[in-house]
Amino acid sequence: MSMETRTEANLQQAVPFFGVQNIEASVRFYVGGLGFTMTRKWIHEGKLRWCWLERGGAALMLQEFWKEGHHAGAPEGKLGQGVSICFMCHDALAFYREVTSREIQAQRPFVGNGLWVTNVSDPDGYQLCFESPTDAPEESEYSE
């Protein structure tokens, strides 16, 4: 067995790890708004500090920046700036209808690169793109 084969088989999933200002607000957004499920968590001194969220085959992690103690230190400036995570969906249009029915602000879907695309910004400014393949013409826009 070559080293390349063993290394390739060892990797299973890339999981975004978002540092957030308010983990309770982020959990409400991802679980209540986007339909993720919290499957793992770390509670320290009675406070949720970290969690793992899943929806289908996708996952992400959230951890609130500590505001005091030797772990304290959120970065300067707006979190999430320049960060985009793309989630491939079976049906991005159905996802758009689902989340907007929960009053999540999502960009009207459009076709780019052969994909229906709708974008959502989380409470910390991380850009989330939800996409699915289509044969619709480039730059088409979804109309309800």
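Of all alpha-carbon pairs in the chain, indicate the percentage at a distance above 28 angstrom. Summing the P(r) tail past 28 Å for the chain gives 30 percent. For Lys78, a cut-off of 19 angstrom between C-alpha atoms picks up these lysines, skipping any fewer than 8 places away in its own chain: Lys67.
Anyone know which of Gly57, Gly114, Gly19 comes out most mobile in the 10 Å Cα GNM of the chain? Taking springs between Cα atoms under 10 Å, the residue moving most is Gly57.
With 0.36 nm allotted per residue and the present C-alpha distance subtracted, the Arg40-Ser101 stretch has 19.3 nm of extension available. Mean-square fluctuations from a GNM of the chain, with a 10 angstrom spring cutoff on Cα atoms, peak among Val111, Val20, Val83 at Val83. Relative to the longest principal axis of the C-alpha atoms of the chain, give the angle of the C-alpha long axis of helix 92-101, reported between 0 and 90° and rounded to the nearest 10°. Value to nearest ten degrees: 60. Each stretch of four or more DSSP H residues adds -39500 (n - 2.57); spread over every residue of the chain, this sum gives -4000 deg cm²/dmol at 222 nm. Computed over protein heavy atoms with a 1.4 Å probe, the accessible surface of the range 14-144 works out to 57 Å² per residue.
Cysteines in the chain that lack a partner Cβ within the 4.7 Å cut-off: Cys51, Cys89.
The values are calculated or read from the model by the stated rules, or taken from the named source; none is laboratory data. This is a predicted model, so every value here is computed, not measured. Please note: Cβ atoms are built from the backbone with ideal geometry, for glycine as well, and neighbour counts cover all protein chains shown. Calculation scope for accessible area: heavy atoms of the full protein, side chains included, ligands and nucleic acids excluded. Shrake-Rupley method; radii C 1.70, N 1.55, O 1.52, S 1.80 Å.
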